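Some notes on the structure that comes next.
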């Protein structure tokens with residue numbers, strides 16, 4: 001069994017690389033998806049009948065939808081539920097087309113299967129990037145509609161009538177002379193038919209479920225303690241394990257004295273790996289006590305010389321360089337030469353932890369003939385591959401049982417903790433449940449990179465930008481996640497939005513300057529490149545408006561005349577907050593606008609000044625146009641939560657490094673917004689028939705710049721570095 | 001052996017006296033509705049009731065609670081007020097990932113059990129110890145307000 005960090009199989013890496021490039025480099029960036037999302041492997045499988053309807057009489061129908069003899073509908077969800085409500089959204093799509101009630105649907109987690117469950121936008125099987133509704137919109141409705149057509153045809157055959165004279169409703173087919181028959185009775189016959197190639201989806205005006213505020217399917221057990229997350233699972237013979245990895249990333253175990261740990265009641269085994277020491281025990285407390293009792297001597301390695309100041313300096317140096325050109329339109333150099341004035345500003349954003357409330361957890365049973373993983377993961381295929389690589393088993397010998405996730409925000413797109421759990425489980429004969437302490441979780445996260453953006457605009461006589469140069473410096477998540485950068489040398493995630501800003505510019509030049517922090521691994525957060533670019537651009541445009549002495553909303557509208565949907569959203573915001581009315585003394589308003597994850601969002605923050613540095617959030621309003629809405633309750637909830645998630649980070653959060661070690665170990669040092677500090681979020685949804693957009697990360701993207709723009713409006717102080725508390729402000 | 005009273009049932013548990021109540025509840029009694037979030041009473045996910053008062057079970061040595069009545073999220077559903085709270089949580093679609101919500105509900109229920117007058121400030125005081133990374137705070141407030149109004153204790 002291999003005991004080193006797992007490398008993904010090259011074939012899948014190439015596939016993944018290609019896919020990500022397509023998704024982030026071309027398909028999603030600045031381009032609206034067509035009304036029907038492009039076909040994925042899964043959509044094609046459904047359409048061609050390779051593995052979908054009719055594949056198994058025992059199971060009933062399909063890859064996504066299986067109708068049982070009792071009429072219950074099993075929906076095999078290609079998307080993990082981590083609080084975003086996606087499994088209810090998908091169920092609504094299927095129920096709408098299949099003509100069943102939501103209460104007839106039972107949701108199952110999709111197993112790893114790249115052919116069936118690849119997300120066409122991400123090009124791998126994953127839940128992330130705010131793609132879930134955008135991707136599932138077509139194939140999942142199609143799966144429901146296909147099943148309905150076959151069931152109607154079966155009923156028509158039983159009644160010896162024309163299927164055009166029959167219709168489906170509430171899990172039954174109704175015939176022309178009042179006959180009715182339930183789906184369950186039709187399953188066996190329907191499953192013998194070839195799949196239709198003329199599946200017609202409903203017109204939006206015929207929807208009776210999509211667009212209504214449906215109740216989430218997963219919440220009843222989340223209010224009575226019955227919902228099970230990974231950390232709650234129990235298996236026969238299972239022991240708990242917890243681990244301590246080297247406090248410095250890249251460091252190794254030199255030697256371990258485990259005598260005291262072995263004396264802790266309940267401790268069973270001490271597992272020593274190259275960079276990690278784990279304890280197994282009969283309960284979690286004994287594990288934690290055992291870990292504390294270990295006397296570990298580490299070889300910290302080269303990273304132990306790195307502090308935050310080193311990372312800061314490297315980024316400051318980097319933004320003076322040109323790096324790789326990500327895009328160049330028009331002649332920015334000439335524009336800057338000829339401009340009546342120039343303006344330059346640098347925006348900085350810190351390392352951030354994801355810190356979902358459920359600490360990293362994974363249940364594993366490794367046997368000679370196979371391995372079972374019970375784990376909430378955003379990437380079931382990678383979970384399977386890493387377990388196979390660690391154990392030497394074939395991927396098909398690894399079963400992944402996906403679980404509800406107690407918050408992710410990108411954390412469970414990484415599978416480092418799964419790899420670790422399998423490494424530990426491979427050394428013992430019993431199933432283990434890995435549970436990290438909060439301290440382990442926070443100090444061994446992978447972090448949203450620290451970034452610096454340097455923006456230089458050529459400004460015309462009216463104070464509007466003719467064009468700008470945008471230098472982006474930071475580590476590359478893409479390269480870390482996939483293994484290398486694309487041939488262009490540009491991280492397609494890092495430059496998203498920056499290479500296609502919403503504003504009309506005659507010239508644009510975007511540089512990506514890769515500057516790896518080395519000291520910590522970098523990874524996804526709740527939106528990464530989109531957030532980073534949006535932060536810099538929206539602060540910068542606000543500054544340009546201020547310099548021109550113009551109202552920041554009307555200034556933006558002048559630059560957005562070519563974006564009617566954005567203008568509509570801006571106008572709605574203006575009317576909701578009475579933008580044209582003056583704010584009371586001591587108050588200020590800031591706004592930010594963006595096209596993010598396929599949605600348009602405008603966010604406004606109104607602050608009042610309490611003394612010199614006291615900030616009180618008086619009002620927080622966000623307008624979203626996310627196209628056609630599946631579940632308005634979920635859209636609103638995601639906008640509320642996403643906005644406050646971003647606010648929490650923008651106000652308070654920063655990961656510091658000292659001696660190579662992450663300094664924030666728990667929530668006392670990595671402060672989160674509390675209910676007493678959280679303003680109500682007013683969400684307004686623009687009615688729209690456009691293709692669905694994503695909302696999981698959309699609110700998070702706009703709040704940071706809106707906040708700092710409001711700080712400037714209120715205090716006359718242009719803060720250009722997050723978090724706000726770093727500049728001496730506090731929540732009053 | 002320690003004697004514990006959890007959700008009206010007496011249990012004999014053979015654990016070290018310094019084991020936090022949280023781990024006895026979760027790992028020994030197998031009641032996993034009470035969650036582990038931080039281990040230092042910063043997040044409130046582990047909130048249970050001790051004689052009706054909300055406590056953070058992750059920092060409470062089990063030996064200190066012997067003889068007290070402990071109630072976990074699994075033990076509240078028979079109580080009419082608790083059912084109102086759970087109903088309000090569903091009506092307001094509070095939960096997102098749901099991981100913190102057991103603790104949120106236990107804190108909210110303790111507030112509603114205890115106070116004859118509830119306003120926004122009382123909600124802040126009672127609920128500020130419960131973190132929600134999904135930031136469902138707006139809806140938590142609405143749900144508590146809703147129950148407060150229905151039992152006649154909302155006094156803004």
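We did not get these values from a lab; they are worked out from the coordinates using the rules stated. No experiment lies behind these values; they were computed from the predicted model shown. No Cβ is skipped: glycine too gets one built from the backbone with ideal geometry, and neighbour counts run over all protein chains shown.
Remark: relative contact order (chain B) = 23 percent; criterion is Cα-Cα distance under 8 angstrom and separation of 6 or more residues. Viscosity 1.002 mPa s, temperature 20 °C: what is the translational diffusion coefficient of region B:38-156 from Stokes-Einstein with a Kirkwood Rh over Cα pairs, rounded to a whole number of µm²/s? D, rounded to a whole number, is 149 µm²/s. What shape does chain A take by its C-alpha gyration tensor, where a ≥ b ≥ c are the square roots of the eigenvalues and a/c under 1.5 counts as rounded, a/b above b/c as prolate, and the rest as oblate? Oblate, because a/c is 1.5 or more while a/b does not exceed b/c. Going 7 Å from the Cα of residue B:155 in the Cα-to-Cβ direction, what parts of region B:91-134 have a backbone nitrogen less than 18 Å from that spot? Residues passing the 18 Å test: B:111-126. Ordering A:667-680, A:118-131 by mean Cβ neighbour count within 10 Å, with the highest value first, yields A:118-131, A:667-680. Shielding of peptide A:283-296 by partners, expressed as the average count of other chain Cβ atoms within 10 Å per residue Cβ, is 3. Taking label positions 7 Å along the Cα-Cβ direction at both residue A:576 and residue A:316, the computed distance is 4.0 nm, reported to one decimal.
Inter-part distance, region A:661-732 to region A:346-405, computed on C-alpha centroids, equals 30 Å. Beta-bridge orientation, region A:37-216: approximately 70 percent antiparallel, per DSSP, counting only bridges with both partners inside. Using the Cβ-Cβ distance between residue A:274 and residue A:429 with R0 set to 25 Å, the FRET efficiency from 1/(1 + (r/R0)^6) comes to roughly 0.70. Treating the Cα atoms of region A:482-530 as identical point scatterers in vacuum, please give the log10 of the normalised Debye intensity I(q)/I(0) at q = 0.18 Å⁻¹, two decimals. Log-scaled intensity ratios, in q order: -0.70.
Compared with the dominant Cα axis of chain B, that is its longest principal axis, helix B:137-150 is turned about 80°.
Within region A:228-258, find all residues whose amide N lies under 16 Å from a label point positioned 7 Å from the Cα of residue A:516 along Cα-to-beta-carbon. Answer for region A:228-258: A:249-251.
For the pair region A:410-443 and region B:119-137, the centres of their Cα atoms are 31 angstrom apart. Listed from fewest to most Cβ neighbours within 10 Å, the set A:207, A:597 follows the order A:207, A:597.
Taking the average, over residues, of other Cβ atoms within 10 Å as the packing measure, peptides A:132-143, A:487-498, B:49-60 rank A:132-143, A:487-498, B:49-60 from highest down.
The convex hull built on the alpha-carbon positions of region B:2-75 has an orientation-averaged projected area of 4.1 nm².
Find the percent of Cα-Cα distances in region A:117-220 that exceed 19 Å, and round it to a whole number. Here the tail beyond 19 Å accounts for 56 percent of pairs. Per residue of B:120-133, other chain Cβ atoms within 10 Å of the residue Cβ number 5 on average. Put a dot 7 Å past the Cα of residue B:63, heading toward its Cβ, do the same for residue B:142, and the two dots end up 4.8 nm apart. In region A:456-549 the Cα-Cα distances spread across 5 Å bins starting at 0 as 3, 13, 23, 21, 16, 11, 8, 5, 2, 0 percent of all pairs. Averaged over residues, the count of other Cβ atoms within 10 Å places the peptides B:126-134, A:384-392, A:156-164 in the sequence B:126-134, A:384-392, A:156-164, highest first.
Counting Cβ atoms of other protein chains within 10 Å of each Cβ in B:21-33 and taking the mean gives 4. Per-residue ellipticity at 222 nm, computed for the protein assembly as shown from helices alone with -39500 (n - 2.57) per DSSP H run of at least four residues, works out to -9000 deg cm²/dmol. All Cα-Cα separations within region A:268-337 were binned at 10 Å from zero, giving a P(r) of 14, 23, 16, 16, 14, 10, 7, 0, each value a whole percent of the pairs.
Please give the helix B:80-91 orientation as an angle from the longest Cα principal axis of chain B, in degrees from 0 to 90, rounded to the nearest 10. The answer is roughly 60 degrees. If R0 is taken as 51 Å, the Cβ-Cβ distance between residue B:114 and residue A:182 corresponds to a FRET efficiency of 0.50.
The ratio of the alpha-carbon radius of gyration of region A:37-216 to the globular-protein estimate 2.2 N^0.38 Å is 0.97. The length gained on full extension between residue A:309 and residue A:727, counted as 0.36 nm times the residue separation minus their Cα-Cα distance, comes to 148.8 nm. Simple spin-label estimate for residue A:340 and residue A:194 gives 7.0 nm between the two label positions (7 Å along the Cα-to-Cβ direction from each Cα).
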